[in-house]
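Note sheet for the following structure.
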2 protein chains.
Amino acid sequence: MIDLIAMGQAARQAAPMAARAADAVRCQVLAVIADELLAQQAVLLAANQKDVGDARAAGLSEALVDRLTLTPARLAGMAADVRALTELPDPLGARFDERTLPNGLRIWRQRVPLGVLGVIYESRPNVTIDVAALAVRTGNIAILRGGKETLASNRALVAVVKQALASAGLPAAVVQFIDDPDRRYVSELLRLHQYVDLIIPRGGNTLHQFCRENASIPVITGGIGICHLYVDASADLARALPVISNAKVQRPSVCNALDTVLAHQAVAAEILPRIVAHLGAQGVTFRAEPRALAALGGEAAPASVCPAGPEDFDTEWLSLVLGLKVVDGLDEALAHIAAHSTAHSDGILTQAAEAAERFVAEVDSAAVYVNASTRFTDGAQLGLGAEVAVSTQRLHARGPMGLTELTTYKWVVFGDYAVRD
Amino acid sequence: MIDLIAMGQAARQAAPMAARAADAVRCQVLAVIADELLAQQAVLLAANQKDVGDARAAGLSEALVDRLTLTPARLAGMAADVRALTELPDPLGARFDERTLPNGLRIWRQRVPLGVLGVIYESRPNVTIDVAALAVRTGNIAILRGGKETLASNRALVAVVKQALASAGLPAAVVQFIDDPDRRYVSELLRLHQYVDLIIPRGGNTLHQFCRENASIPVITGGIGICHLYVDASADLARALPVISNAKVQRPSVCNALDTVLAHQAVAAEILPRIVAHLGAQGVTFRAEPRALAALGGEAAPASVCPAGPEDFDTEWLSLVLGLKVVDGLDEALAHIAAHSTAHSDGILTQAAEAAERFVAEVDSAAVYVNASTRFTDGAQLGLGAEVAVSTQRLHARGPMGLTELTTYKWVVFGDYAVRD
């Protein structure tokens, strides 16, 4: 029996201490976490082995088992990521919009932590450490709810975090873990608006939807990407091909991977067969709408090509499948993207400045690309250093959310015994 | 029978047109609204007279009737406010965080409209124009749901807005009005996450709570202020008195009005009687905790003073009532504020730089004041030019929300056929 209200109260009580902790103290917590992930490797791997054994016994797929498995190399990677967070600039305290008003008031906005984050995720034990470290670095409080398949691993990892908090003199309540996989605690957490400021789901579409529909707290939804590249008539086709390949093949299971190529009719007959040849050799299969199919030889198209079904252009493939469509030009490409994109990452390949400009102006996605792979939609790739989520909702933050996106601000006003007229 | 889904679809369809309309076009809409509020004064006042008559017949209090009444002067004020919005800088298009990454990618974030705003308000017809104008100026879409007591007025005002949109060539769906006061449409609007990006309630605590608990869309809650001024031992008491008076008396019915004075024990015996004398003469009554009561002469205190009840320090007075409490010093003041503030507006009156600094660092309210009245928490007062709401939630924006706070951004990435390693 978990008392979520008590957890919320403890979070609120700890929040000022986390918010006011010196940067060096927050970084010290991270350094200890990184050290202990290595020092306590045996304990952590043993706990994880229990989860792995239970998962196998329960008949989970090998892909899922792999996802929840920790290894010495993965622990070392987690430790390195935590340590990297300490090298980023302190996101707190900075002043912005500072000025003196005509009435003499001196005002600015000052960065402060968001407050209490509720993070709901699935069976990836690395998220436990990732979110705990991000929360501590940004002076926030985290209440974690991980998947039931990694309960033993999460307990061991949270023990490391608690030890690190204690060693720096921060309250244990800065990172709290809902130590019961009963799903009712997810629902309860989503209604804890008195204590929780923000819900961050880390997982698939179903989780995001569940959170949005059941939360009385703002939810950062995102991570779902039906991503497009439009090959304009003016594109340098030889150079376009590696970009398309990178966007589709480098890591097909992630949200910023390419789902659909839109080819201008003037270049379709040239680029589409090259895409099919080049990406097909890497294991990609294709869903082609009628004109694309025709450009690929119709019934004589390679075996990797099949006609696109009615849902195919609304599917996030997360695998080596690519939709192909011929468009009359930029207008049709923009219309297709407006109708089918999840507003995550969409790009144009072109040599024409006006086409690029119009694409950038009219495509309203979290990240809009000109002559670049959609795979760059990532906190580290865009120079944020880290990311807690990729937002495709519009409030607060869009695209990769880094340290600054886990802050808010307060207004500070200095007067000389100033009164309002 | 209102089809909210059709309204949502129309909103989404109109959104790109509003977002891409030139600033001059958006300003033209506002100029026409301002002109027509004056030109159509007779029609608007007649419609409003119907509402006023119905309200009187239904036995509404004179305060409520006054709130929904339009007059030539009020229409002129609304027109002036709309026109003032056209003088503010365009909130859209600005680039920020622009830079070139080591891998050659040129990136920036670009301001774009938030999208579709659902605004739910009570019987203040001026909000209809205010929100419509703010939405148009920021390239957003507004779906309005006003109180049932102002239905006729709102219909007439929305007709003016539609006429202005048409005159500038913008779709009528840019500003939509739920033309049926049935409350079920409020609940339906709150679940329209497929089409609506943000809910802004304008009204009392009950409305805010209802929205937060029933929405599947992020809600900007706010507007509830239990505001404090702490009179430090070092404060210039002669100058403190007008600040306290301004914060309490200038407009007691609003959220940034003062609710509680915390007086340092070293100055309580001096400042509290002066507060009671000075503000009492202006009609203020006082709720004093035991030490404050003692400082005011105990049973010999003026008739305007009574002992504070258990809920008094958790009450937003919105009237000429003021809580008084003696604290041992800054620590107790900070603790009281942490326990009782709604994180709206809180201030310190002091000559001591360290006390001011600590107050600013530790009070986590949307607006934190040093030697100034809490009444400055207002978009116009803080130089934003206008405000759509005062947020006391932490996501996206805190305190007064002006034009910029009604925008979000997209990432723009330019490469030279760039691929991710």
Item to complete: Report, by residue number, each residue of the stretch A:309-359 that is within 22 Å of the chain's Cα centre (by Cα), under 24 Å from B:VAL412 (Cβ atoms) and not aliphatic (A, V, I, L, M).
Response: A:GLU316, A:HIS340, A:SER341, A:THR342, A:HIS344, A:SER345, A:ASP346, A:GLY347
Practice prompt. Confirm whether B:VAL368 is surrounded by 24 or more Cβ atoms within 10 Å (Cβ to Cβ) and either facing another protein chain (nearest Cβ under 7 Å) or farther than 30 Å from A:THR374 by Cα (or both).
Written response: yes
Discussion item. Any residue at all in the stretch A:79-93 that's assigned to a helix (DSSP H, G or I) and without any contact (Cβ under 8 Å) to a residue 24 or more places away in the chain?
Written reply: no
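Here's the yes/no breakdown for (1) out of contact with any His (no Cβ under 7 Å at 6 or more places or on another chain); (2) without any contact (Cβ under 8 Å) to a residue 40 or more places away in the chain; (3) of a type in the set (Ser, Thr, Tyr); (4) assigned to a helix (DSSP H, G or I):
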residue	(1), (2), (3), (4)
B:ALA10	yes, no, no, yes
B:ALA15	yes, no, no, yes
B:GLN28	yes, no, no, yes
B:GLY53	yes, yes, no, yes
B:ARG56	yes, yes, no, yes
B:ASP66	yes, yes, no, yes
B:GLY104	yes, no, no, no
B:VAL112	yes, no, no, no
Item to complete: For the stretch A:216-234, name all the residues that are crowded, with 17+ Cβ neighbours inside 10 Å, touching a His at 6+ places or on another chain (Cβ under 8 Å) and at pLDDT 95 or above.
Response: A:ILE226, A:CYS227, A:HIS228, A:TYR230, A:VAL231, A:ASP232
Worksheet item: Quick check: anything in the stretch A:264-282 part of a loop (DSSP other than H, G, I, E, B), crowded, with 17+ Cβ neighbours inside 10 Å and either without any contact (Cβ under 8 Å) to a residue 40 or more places away in the chain or not assigned by TED's automatic domain parsing to the domain that holds A:SER319 (or both)?
Response: no
Fill in: Residue count for the stretch A:264-299, restricted to those that are within 17 Å of A:LEU320 (Cα to Cα) and in contact with a helix residue (DSSP H, G or I) (Cβ under 7 Å, 6 or more places away or on another chain)
9
Worksheet entry | Of residues in the stretch A:356-365 being hydrophobic (A, V, I, L, M, F, W, C) and more than 7 Å from chain B (Cβ to nearest Cβ), the one farthest from B:ALA418 (Cα to Cα) | A:VAL363
Item to complete: Report, by residue number, each residue of the stretch A:78-92 that is over 18 Å from A:GLY383 (Cβ atoms) and surrounded by fewer than 14 Cβ atoms within 10 Å (Cβ to Cβ).
Response: A:ALA80
Worksheet item: When you look at B:ARG137, is it surrounded by fewer than 23 Cβ atoms within 10 Å (Cβ to Cβ), more than 25 Å from A:ALA215 (Cβ to Cβ), away from every other protein chain (no Cβ under 14 Å) and not polar (S, T, N, Q), yes or no?
Response: no
Worksheet item: For A:ARG99, which of the numbered conditions (1) assigned to a loop (DSSP other than H, G, I, E, B); (2) modelled with pLDDT of 95 or more fails to hold?
Response: (1)
Practice prompt. Could you list all residues from the stretch A:112-128 that are more than 11 Å from chain B (Cβ to nearest Cβ) and not acidic (Asp, Glu)?
Written response: A:GLY118, A:VAL119, A:ILE120, A:TYR121, A:SER123, A:ARG124, A:PRO125, A:ASN126, A:VAL127, A:THR128
Discussion item. For the structure I just gave you, tell me whether B:ALA46 is surrounded by fewer than 12 Cβ atoms within 10 Å (Cβ to Cβ) and among the hydrophobic types (A, V, I, L, M, F, W, C).
Written reply: no
Worksheet item: Looking at this structure, is A:ARG109 assigned by TED's automatic domain parsing to the domain that holds A:ASN214, crowded, with 16+ Cβ neighbours inside 10 Å and under 25 Å from A:CYS211 (Cβ atoms)?
Response: no
Item to complete: Please find, among A:VAL219, A:VAL158, the residue that is free of Cβ contacts under 8 Å to residues at least 40 places away in the same chain and farther than 30 Å from A:GLU357 by Cβ.
Response: A:VAL158
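Each row is one residue, and each column tells you yes or no for (1) touching a residue at least 60 places away in the same chain (Cβ under 8 Å); (2) within 14 Å of chain A (Cβ to nearest Cβ); (3) outside any strand (DSSP E or B); (4) in contact with a strand residue (DSSP E or B) (Cβ under 7 Å, 6 or more places away or on another chain).
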{"residue": "B:LEU318", "(1), (2), (3), (4)": "yes, no, yes, no"}
{"residue": "B:LEU322", "(1), (2), (3), (4)": "yes, no, no, yes"}
{"residue": "B:LYS325", "(1), (2), (3), (4)": "yes, no, no, yes"}
{"residue": "B:ALA333", "(1), (2), (3), (4)": "yes, no, yes, yes"}
{"residue": "B:ALA339", "(1), (2), (3), (4)": "no, yes, yes, no"}
{"residue": "B:ASP346", "(1), (2), (3), (4)": "yes, yes, no, yes"}
{"residue": "B:GLU354", "(1), (2), (3), (4)": "no, no, yes, no"}
Item to complete: State yes or no: is B:THR260 surrounded by 15 or more Cβ atoms within 10 Å (Cβ to Cβ), more than 19 Å from B:ASP328 (Cα to Cα), outside the structural domain of B:ILE200 (by TED's automatic domain parsing) and polar (S, T, N, Q)?
Response: no
Practice prompt. Given the conditions (1) in contact (Cβ under 8 Å) with a residue 24 or more places away in the chain; (2) surrounded by fewer than 24 Cβ atoms within 10 Å (Cβ to Cβ); (3) in contact with a Gly (Cβ under 8 Å, 6 or more places away or on another chain), report the number of the one that A:ARG99 does not fulfil.
Written response: (1)
Fill in: Looking only at the stretch B:9-43, and only at residues there that are β-branched (Val, Ile, Thr) and crowded, with 18+ Cβ neighbours inside 10 Å, the one that is nearest to B:THR407 (Cα to Cα)
B:VAL29
Fill in: Matching residues in the stretch A:6-49 - criterion: being of a type in the set (S, T, N, Q) and either outside the structural domain of A:GLY169 (by TED's automatic domain parsing) or within 14 Å of A:VAL82 (Cα to Cα) (or both)
A:GLN28
Worksheet item: Given the residues A:ASP378, A:ASP364, which is the only one that is of a type outside the set (Gly, Ala, Ser), assigned to a loop (DSSP other than H, G, I, E, B) and without any contact (Cβ under 8 Å) to a residue 40 or more places away in the chain?
Response: A:ASP364
Discussion item. Quick check on my filter: what residues within the stretch B:396-420 are of a type in the set (D, E, K, R), at the interface with another protein chain (Cβ under 9 Å from one of its Cβ atoms) and either closer than 16 Å to B:ALA19 by Cβ or free of Cβ contacts under 8 Å to residues at least 40 places away in the same chain (or both)?
Written reply: B:ARG398, B:LYS410, B:ARG420
Item to complete: Examine the stretch B:130-153 for a residue that is without any contact (Cβ under 8 Å) to a residue 12 or more places away in the chain and touching a helix residue (DSSP H, G or I) at 6+ places or on another chain (Cβ under 9 Å), and state whether such a residue exists.
Response: no
Item to complete: Considering (1) part of a loop (DSSP other than H, G, I, E, B); (2) within 11 Å of another protein chain (Cβ to nearest Cβ), say which one A:SER245 fails and leave the rest.
Response: (1)
Worksheet item: Restricting the search to the stretch B:248-260, which residues are touching a His at 6+ places or on another chain (Cβ under 8 Å) and within 11 Å of another protein chain (Cβ to nearest Cβ)?
Response: B:ASN256
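The values are calculated or read from the model by the stated rules, or taken from the named source; none is laboratory data. A quick note: this is a predicted structure, and the numbers were derived from the prediction, not measured. All Cβ positions, glycine included, derive from the backbone under ideal geometry; neighbour counts span all protein chains shown.
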